[in-house]
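Below is one structure, written out as structure tokens, with a few remarks after it.
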Amino acid sequence: MRSLTYLFLLVLPLGLLGCGGSSASGDGADGGAPASYVPLGEKDDYYLFYSGGHSGQVFVAGLPSLREIQEIPVFTPSPGHGYGFSKKSKKMMGEYRWGDVHHPGLSKTDGTYDGRWLFVNDNANNRVARISLRDFKTKQILGPIPNSMGNHGSSFVTPNTEYLLVATRFSVPLPKGTHAPVETYEENFNGIVSGVDIDPETGEMEVGWQVKTPPFNWDLGSTGKGPSDGWAFWTSYNTEMAHDSLEINASQRDRDYAAFVNWERAEKVVENNEGLNRRNGVPLIDPAEHEGVMYFVPVSKSPHGIDASPSGRWIAASGKLQPTTTVFDFKQFKTAIENEDFQGEFRGVPVVNYDAVVEGEVPVGQGPLHTQFDGEGNAYTSLFIESSVTKWKLPPWDKETKEDMSKAVTDKISVHYNIGHLVIPGSDTKEPYGNWLVAMNKLQKGRGLNVGPEKPETSQLIDISGEEMEMIEEDYTRPEPHFAQAVPADVINPIEVYKKENNDHPDARWDPENTGVERTGPDEVTVHMIAKRSQYYPDKVEVQQGDKVTFHLTNIEQVSDMIHGFGIAQYNMNGVVPPGDTQTFTITADEAGVYPFYCTNFCSALHQEMQGYLEVKPR
Ligand code: RUQ
Ligand code: CUA
């Protein structure tokens, strides 16, 4: 009996595969390799940029292999990249040693990815950062953003990278630093939506304006496009304005509000200086006083994700506590605000009549969170509670579907387990690339080798090129991908080395003759140093105890992959200098003695010989 059961179990999946038609095989059970297999010597088709959650970093993987290929340190030191050791990276990180990265957003031109920058948020310390995709390095960290607490609803990029739009998860008394008892939450606390202005040439970010909101907890958002260009959308899960036991107290109302924010109008209000307050130097817009900046739209209970379809017409919002995803028609929304079809107002902000703007409620399943689009008229919603992804059809729907919305649902697949976000390449652009879906699962429940009580996160790759979704493979990640962005590899064009002629560091040196150790103050020594295979020039640095020692280290290599490190024993220092770059490191030589420094990046057959001595003479 037992062996019969086994036989049956073995035969069943083979049988299913057999009638699966031409679509890729998930597990190679038919003898072939899985569709995610990238043969030796070949490269992945897409870059996948994962947010690193409370690791504070971004992880880069290849798609479809799901293999991690790089870490981009952003908010947290990373000795492997020398990040957080150089003067520049230390300054950028400021006083913080971590961040909580949730939502990466790629820069766009004309509503499609342009491959220039990746923006990420820091939920914890209210910051945003810009990574250049030319060298995969963090270039700017902006913040803490004034008046803003819990920068979660971010970073959403507008179709021409005009703005990064960010909203607060937490509300506090404003300006930040003001005290009021949490019991006075409703009266004294506020949330904020900020427009972070992006320089079109340099990508430099600054806070342009802010919109004051009631103390709702803003959740996920997205930016409009096409007919909804100029707008951004956020859900909120606490329109009850509860300040304690949110699990219960913020789950009272059957509907919460989404905010539809007209950022073009906000920009105009600031340009025309329409009687604005400034708070902490930032123009603060009260939407009750400036008509047209913000509208509330009722949305199903305790919503989470809200995503604009590729056409920009359909806005899909999911209520965690209601098994539906609500689709709003942006066209109807525009008509409703023109006709002032409101069902009331909240603190001076019009609440749009729900029935006037809703196109339908799709019964996707339990615990819907986020929706992605494939560009073929299909939407894919993650279901946390059900551990599934539901595929459904975007409007226009026929009469039958409208009468029975379950007809809009076309497929469902299990994931393992408890999916949060999901990503399809280009989903937030006007022309998604489709083909693959990556499910980012929160709980793995023993599917991988046991690594003790702290389990890794899992990602699962789903082939969405056919009618039916097909599970292909899974992989594990470090803590903790929330959202991700995926883009075809040829959209990104990274450099190989920093070219000598582009190095504008004032203390760069290219010739060993110009290097040296110089006393530049009573307690100050400046070192101009060169690193090349397999030697430092100079390789002896003599200082007095107590000196502040500044090293300007140039890696003069112009050869790809020829990185040199700079570790100083017992001085808590590890620089990493890529070819053609100059970095500045400062230490205080407070311990007398002789301290070796050495190259930490294996660079040549004589890498081990690449060392020198820091002599610290006692005072
Ligand atoms: S949230 S699992 Cu921080 Cu993006 Cu939805
Ligand atoms: Cu230079 Cu190892």
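The values are calculated or read from the model by the stated rules, or taken from the named source; none is laboratory data. Not measured: the values here are computed from a predicted model. Ideal geometry is used to build each Cβ from the backbone, glycine not excepted, and the neighbour counts take in all protein chains shown. With ligands, DNA and RNA removed, areas are computed over all heavy atoms of the protein, side chains included. Shrake-Rupley method; radii C 1.70, N 1.55, O 1.52, S 1.80 Å.
In the chain, taking the dipole from charged Cβ atoms about the Cα centre, the farthest positive-side position among TRP263, VAL182, TYR417 is held by VAL182. Shown for region 415-471: the carbon plus sulfur share of the solvent-accessible area, taken with all protein chains present and a 1.4 angstrom probe, equals 49%. Taken along the Cα-to-beta-carbon direction at a fixed 7 Å, the label points for GLN570 and GLU400 span 8.1 nm.
Loop-located GluC sites (Glu not before Pro) across region 48-124 with a Cβ neighbour count of 13 or fewer within 10 Å are GLU95, with loop assigned by DSSP. Put THR109, THR371 in order of accessible area, highest first, and with a 1.4 Å probe you get THR109, THR371. When the Cα gyration tensor is reduced to axis lengths a ≥ b ≥ c, the ratio a/c is 1.5 or higher for region 559-598, and with a/b above b/c it is classed as prolate. Loop-located chymotrypsin sites (Phe, Trp or Tyr not before Pro) in region 536-603 (DSSP state not H, G, I, E or B) with no more than 12 neighbouring Cβ atoms inside 10 Å: PHE602. Among beta bridges from DSSP that stay inside region 467-599, the antiparallel ones total about 75%. Charge dipole of the chain (Cα centre as origin; +1 on each Lys and Arg Cβ, -1 on each Asp and Glu Cβ, all else neutral): 1060 debye, rounded to the nearest 20.
Here, region 207-362 is characterised by an Rg to Rh ratio of 0.96, where Rg is the alpha-carbon radius of gyration and Rh the Kirkwood radius. Measuring against 32 Å, Cα to Cα, the residue pairs LYS532/LYS617; LYS87/LYS499; LYS139/LYS393; LYS455/LYS499; LYS334/LYS391 contain LYS139/LYS393; LYS455/LYS499 as the ones spanning a longer distance. Counting only DSSP beta bridges with both residues in the chain, the antiparallel share comes to about 90 percent. Computed from the C-beta positions of GLN444 and ASP114 and an R0 of 35 Å, the FRET efficiency is 0.50 to the nearest 0.05. Of ARG130, ARG278, ARG447, ARG313, the residue with the largest accessible area leads and the full order is ARG278, ARG447, ARG313, ARG130 (1.4 Å probe). Of all complete DSSP H helices in the chain, not one has a Cα span along the helix axis of 30 Å or greater and a mean Kyte-Doolittle hydropathy of 1.0 or more. Counting only protein heavy atoms and a probe of 1.4 Å, the accessible surface of region 271-381 is 38% carbon and sulfur. Relative to the Cα centre, the charge distribution of region 485-604, modelled as +1 at Lys and Arg Cβ and -1 at Asp and Glu Cβ, gives a dipole magnitude of about 200 debye. Solvent exposure of the chain amounts to 43 Å² per residue of accessible area, where only protein heavy atoms count and the probe is 1.4 Å. Each Lys or Arg adds one and each Asp or Glu takes one away; over the other residues whose Cβ falls under 14 Å from the Cβ of GLY516, this sums to -3. Every helix of 4 or more DSSP H residues in the chain counts as -39500 (n - 2.57), and over all residues that averages to -2500 deg cm²/dmol at 222 nm. In region 100-212, the portion of solvent-accessible area held by carbon and sulfur atoms comes to 48 percent [1.4 Å probe, whole percent, DNA, RNA and ligands not counted]. Look at where the Cα atoms of region 83-133 and of region 203-246 average out, and the two centres are 19 Å apart. Between the amide H of THR109 and those of ASP114, distances stay under 5 Å, these residues lying 5 or more places away or on another chain, with hydrogens modeled in the peptide plane. Here the gap between THR586 and LEU40, fully extended at 0.36 nm per residue and compared with their Cα-Cα distance, gives a gain of 192.3 nm.
Ligands, DNA and RNA excluded, the heavy atoms of VAL487 present near 0 Å² of accessible surface to a 1.4 Å solvent probe.
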